[in-house]
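The values are calculated or read from the model by the stated rules, or taken from the named source; none is laboratory data. What you see is a predicted model; the values in this text were computed from it and never measured. FYI the Cβ positions are ideal-geometry reconstructions off the backbone, even for glycines, and counts take in every protein chain you see.
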Amino acid sequence: MLARRTLARIPAQQVVSGAAPQNARNMATLRELELRLKSVRNIEKITKSMKMIASTRLAKAQRALQSGKQYGIANAELFANTTPEEVGKRKLFVVLSSDKGLCGGIHSSVSKATRAAVKEADPESPVMIVGDKSKAQLSRSIPQNIALTFNQIGRDIPTFADAAAVADLIFKSGAKYDSIVIMYNKFVSALSFEASSIEVQTETSLREAPGFQAYEMEDDVVKDLSEFALANALYAALVEGHAAETNARRNAMDSASKNASDMIGRLQMQFNRGRQASITNELVDIITGASAL
Amino acid sequence: MSALRLLSSAARRTPKSIPLGRRGYAEVADKIKLSLVLPHQAIFTSADVTQVNIAAATGDMGILANHVPSIEPLRPGIVEVIESGNASKKWFVSGGFATVHPNNKLTINAVEAAPLEAFSAEAIRTNLAEAQRITAGNGTEEQKAEARIELEFYEALQHAVATK
């Protein structure tokens, strides 16, 4: 008896709960849609302003890139003339990225290239990382190779002082290597970048290189020269990497803004249809109610 | 007679008045490719110039076309570039390296450089005094070493600006 009554009651409850929540569901959906619309509009504002900031920073970064690139080219002239004979020596990898995200595939591009290069050269090669983002990625794949990490570099246009400080710490670290490979992102065009590397010789490998004997110099110059050359190469790579990152950030924020405005359009349509449907339903209720009287 | 003697003695004296590096002979046809670059500015990028006078650590030197390849560290001093004819431009360089390559190229990587007109004698005096104070004071060895380098730099700069 009790059971049948409870059984009979349940379907009734379901029918009852069918009518009111219909409107209630629409209202809940409408409320949800409204909230989503508001949050996507806010996101669009944020990504648009980030794109503006990145565009203005990009102009400055590209000017610095022009001179930095020439600086790096002049520096590399010596290494072009003094390529060492034997390859396959111990290499130290220096990875240049930055601490901030929202820049497309910048950090993963340089991390992937480093992983591949380390695997090819010597899986035990020491790796030094500039920038927290790449540090996070590489400490998941090759944590045992990481020798030194730097952060707080790349917030603004890199200066020679930054590059000199990094070079100084690399030399003081006492890692063992014959040449240094700097991994960074090369600024290819306004739409793309690619991971690239610069190789810098150390004092010992410079002395042994055949082309080096052609140069006249005092004996104690080689050490200073190798340190200065490393700082120069680091500076050129840092500046180019910064420009590539600012550009990628601008493109990423641009496509995010476009997606956000697409979403706003779709959500607005849905919201309007939902609002009109609930008004129509209310009218239908009133009219059938009125006609039933 | 005396007029002739006067003339010959005047002729002997004139070479001293010709500034360092300027030849009194016919124009040099060969040029050397100069790249004088700073981190934030490229002053010359593979430009053909006649002669470059640099302040190397081992002494002042003039570099002409087809100079023997060499690597010279620069001390704080003047780099003078003579492009063609007698027109020359001077910059005061804080330091860096000058490398003559086998292919008749000269690359100078300097950390900072500016034309002599850009410096104010007042500022040099103040900074020189400051550096002297720290050298003589009782800071750490590192601070004193930095101040000594600054002192060397400001003294050279003061001398260069004064004898413009």
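Looking at region A:280-293 only, could you name the residues that are loosely packed, with under 11 Cβ neighbours inside 10 Å and either in contact with a Ser or Thr (Cβ under 6 Å, 6 or more places away or on another chain) or assigned to a helix (DSSP H, G or I) (or both)? Those that are loosely packed, with under 11 Cβ neighbours inside 10 Å and either in contact with a Ser or Thr (Cβ under 6 Å, 6 or more places away or on another chain) or assigned to a helix (DSSP H, G or I) (or both): A:Thr280, A:Leu283, A:Val284, A:Ile286, A:Ile287, A:Thr288, A:Gly289, A:Ala290, A:Ser291, A:Ala292.
Say whether the condition of being in contact (Cβ under 8 Å) with a residue 12 or more places away in the chain, touching a Lys or Arg at 6+ places or on another chain (Cβ under 6 Å) and polar (S, T, N, Q) is met by at least one residue in region A:194-204. For region A:194-204, residues in contact (Cβ under 8 Å) with a residue 12 or more places away in the chain, touching a Lys or Arg at 6+ places or on another chain (Cβ under 6 Å) and polar (S, T, N, Q): present.
Only one residue in B:Gly77, B:Gly96, B:Gly85 is within 12 Å of chain A (Cβ to nearest Cβ), of a type outside the set (D, E, K, R) and closer than 21 Å to B:Phe44 by Cβ, so which one is that?
Working: B:Gly77 fails: within 12 Å of chain A (Cβ to nearest Cβ); B:Gly85 fails: within 12 Å of chain A (Cβ to nearest Cβ).
The conditions single out B:Gly96.
Criterion applied to A:Ala236, A:Ala252, A:Ala248, A:Ala260 was being over 30 Å from A:Glu44 (Cα atoms) and in a helix (DSSP H, G or I), and the one residue passing it is A:Ala236. Residues that are surrounded by 11 or more Cβ atoms within 10 Å (Cβ to Cβ), over 13 Å from B:Arg75 (Cα atoms) and among the β-branched types (Val, Ile, Thr) within region B:131-164 comprise B:Ile134, B:Thr135, B:Val161, listed in sequence order. Screening the candidates A:Glu203, A:Glu199 for the property of being within 30 Å of B:Leu74 (Cα to Cα), surrounded by fewer than 21 Cβ atoms within 10 Å (Cβ to Cβ), more than 14 Å from chain B (Cβ to nearest Cβ) and modelled with pLDDT under 95 yields one hit, A:Glu199.
Taken over region B:70-87, the criterion of being surrounded by fewer than 18 Cβ atoms within 10 Å (Cβ to Cβ) and either free of Cβ contacts under 8 Å to residues at least 60 places away in the same chain or within 12 Å of B:Ile108 (Cα to Cα) (or both) is satisfied by B:Glu83, B:Ser84, B:Gly85, B:Ala87. Filtering B:Asn127, B:Asn104, B:Asn138 for residues that are in the same structural domain as B:Gln51 (by TED's automatic domain parsing) and more than 12 Å from the chain's Cα centre (by Cα) leaves a single hit, B:Asn104. In region B:58-69, is there at least one residue being within 14 Å of chain A (Cβ to nearest Cβ), touching a residue at least 60 places away in the same chain (Cβ under 8 Å) and either among the hydroxyl-bearing types (Ser, Thr, Tyr) or not in a strand (DSSP E or B) (or both)? No, that holds for no residue. Sort out which residues of region A:46-76 are among the polar types (S, T, N, Q) and at the interface with chain B (Cβ under 9 Å from one of its Cβ atoms), and write them in order of number. Within region A:46-76, A:Gln66, A:Ser67, A:Gln70, A:Asn75 qualify. Restrict the check to region A:256-269 and report whether at least one residue is in contact (Cβ under 8 Å) with a residue 60 or more places away in the chain and charged (D, E, K, R). No, there is no match, as no residue in region A:256-269 is in contact (Cβ under 8 Å) with a residue 60 or more places away in the chain and charged (D, E, K, R). Applying the condition of being touching a Lys or Arg at 6+ places or on another chain (Cβ under 7 Å) and more than 14 Å from every other protein chain (Cβ to nearest Cβ) to region A:141-179 and asking which residue is surrounded by the fewest Cβ atoms within 10 Å (Cβ to Cβ) yields A:Lys176. Evaluated against (1) in a helix (DSSP H, G or I); (2) modelled with pLDDT under 90; (3) in contact with a Leu (Cβ under 6 Å, 6 or more places away or on another chain), B:Lys164 falls short on exactly one condition, (1).
Listed by first and then second residue, the pairs linking a residue in region B:108-129 that is closer than 30 Å to B:Ser46 by Cβ and within 14 Å of chain A (Cβ to nearest Cβ) to a residue that is exposed (fewer than 11 other Cβ atoms within 10 Å of the Cβ) and among the basic types (Lys, Arg), with Cβ atoms under 7 Å apart and 6 or more places separating them unless they lie on different chains, form an empty list. For region A:77-95, the set of residues classified as in contact with a helix residue (DSSP H, G or I) (Cβ under 6 Å, 6 or more places away or on another chain) and within 14 Å of chain B (Cβ to nearest Cβ) consists of A:Asn81, A:Thr82, listed by residue number.
Considering only residues of region A:187-223 that are among the hydroxyl-bearing types (Ser, Thr, Tyr) and assigned to a loop (DSSP other than H, G, I, E, B), which is nearest to A:Arg63 (Cα to Cα)? Give the steps one after another, and end with the answer.
Going residue by residue through region A:187-223, those that are among the hydroxyl-bearing types (Ser, Thr, Tyr) are A:189, A:192, A:196-197, A:202, A:204-205, A:215.
Next cut, assigned to a loop (DSSP other than H, G, I, E, B) only: A:189, A:192, A:202, A:215.
Details: A:Ser189: 14, A:Ser192: 18, A:Thr202: 30, A:Tyr215: 34 Å.
Restricting to residues being among the hydroxyl-bearing types (Ser, Thr, Tyr) and assigned to a loop (DSSP other than H, G, I, E, B), the top hit is A:Ser189.
Selection of region B:46-72 for residues being β-branched (Val, Ile, Thr) and either closer than 25 Å to A:Leu206 by Cα or outside the structural domain of B:Pro102 (by TED's automatic domain parsing) (or both) yields B:Ile54, B:Thr58, B:Ile63, B:Val68, B:Ile71.
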